[in-house]
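J.: Supplied in structure tokens, the structure appears directly below.
Just so you know, all these numbers are worked out from the coordinates, no wet-lab data involved. Here the structure is a predicted model, which means the values were calculated and not measured. Glycine gets a Cβ as well: all are built from the backbone with ideal geometry, and neighbour counts include every protein chain shown.
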Amino acid sequence: MTNVQFKVIAGIDTHADTHHVALITDYGKRLGDRKFLAIGSGYQEIAAYLTSHGPVTAVGVEGTGSYGAELTRVLAGHGFTVREMNRSNRAERRLHGKSDPLDAYQTAESALAERGTSTPKSATDSLKPCA
């Protein structure tokens, strides 16, 4: 039996006080999820957690312009490919109820499928003068 290394995709549901992170493989298997504080030390813990299951190919973050802005800067600084994600699937939320883990997993699954993604603006983008 060969040891096949899978790649990891992360989804992050952001809030004012905490961020919920979910990890899946590049074929959609759920690996785990955790909640972290939305502060500097929490961002460093998130960066360490992302690589705890293998190499990370993408990180989907909800709210890169608001609650996830600083986290996005930190993760990009660590070399992660960060994608801004649209809000979670409303139909799934109605069926299974609102939960941070569900939203984080849906964000990871959207990042895997490259559905509803965009490149987040950096703080310097918003400071560029208009022509």
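J.: Quick check on packing: order 19-27, 50-58, 104-112 by the mean number of other C-beta atoms within 10 Å, highest mean leading.
T.: Numbers: 19-27: 21.0, 50-58: 15.9, 104-112: 24.4.
Listed from highest to lowest mean packing, they are 104-112, 19-27, 50-58.
J.: Towards the positive end of the charge dipole of the range 1-82, with charges on Cβ (+1 Lys, Arg; -1 Asp, Glu), say which of 28, 78, 59 has the farthest Cα.
T.: It is 28, whose Cα lies furthest towards the positive end.
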